[in-house]
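Each reported figure results from applying straightforward, stated rules to the coordinates on display, with no laboratory input. Remember, it's a predicted structure, so these values are computed and weren't measured experimentally. Cβ placement follows ideal geometry from the backbone for every residue including glycine, while neighbour counts extend to all protein chains displayed.
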């Protein structure tokens, strides 16, 4: 029941796109785990719809990364046949879904990061990436707004909902600075015009988070020094378990389609 | 958006005079969206172009949402509908990104009659984030016209719609979100 793994090359532009594509893919998978489990039917639908948007964005990005990589790897191979070390999403995305507060807080953190990122990518020197971004930026605005409304509702809600939202932010905050870390892959993307350095997204993210946290009457957690390295392929203990589930179908039935 | 879609009326500007393109547009204007079967693909503004090829026609479509699960179904429907015109080539074109502003006036009226509140114009200030915590103007109920309505969920049965209800006639209804 095993299929040989594939491994994309190490081109900087491919790695830059995989970081973003994997972020969308992995968060999409975590959100899909809510299907049938959300506290109300409407949220089941909402989380499923947001997961679908993210999956569509991931498909487009992985397809483009596969083209640039030049080994004729398609979106399915890249999504399902890599080994853990070759996924380049920030660790934040792979954390287990947690409770509903955790999921909405993470969605706000991620959407507030993706919004300025997609906005800038609309001007990418790569026309295909610019086109993907122009579509995605419209979608992520709805994701951000939806998560923001829940963070306010829970944060400024009952004693229990406030406690849960505070706990969620405290758990998530140590993973945030990976979203704004810079390295040579990042620098190459900026130099070539493929996309912005992630560090440049921080002011926009700060402003959006501060606005929502103030409305939710929540205190912003303190920043922590450690920077996780999912974007370098170093993942948490949760990643392998998640991939085992996510990959099982393509591993058992290579090339299988619906 | 810098460029709009083709005229939704279906009069092919690239018609070579034999009427085949007009006929093909006519057929396409009868193909309904699989998830919103009140409006045609042409009225939705997702048919971007239709051109004659050596042995058939090429249809250029644009996706509504990145992850819209109907994309493959739409492609299949287009192929079946146009089969009599020869080889059907379906091309997906992302740029410029589809917007609900491309839904024709007729399409909007059909949505409303179907029970879906049509989208308002996309904010002229494209790029300005939707207000993070929004105080929305209530929508008009597509059935009774009352604006005494409330939002139930930001996401409905598909990514493109939200769920609302009318507090006067008590009917739930969907809203095609501006995108």
- Scanning region A:20-70 for residues that are facing chain B (nearest Cβ under 8 Å) and in contact with a strand residue (DSSP E or B) (Cβ under 9 Å, 6 or more places away or on another chain), which turns out surrounded by the fewest Cβ atoms within 10 Å (Cβ to Cβ)? A:42
- Run down A:149, A:190, A:160, A:178 and say which single residue is out of contact with any helix residue (DSSP H, G or I) (no Cβ under 6 Å at 6 or more places or on another chain) and within 14 Å of another protein chain (Cβ to nearest Cβ). A:149
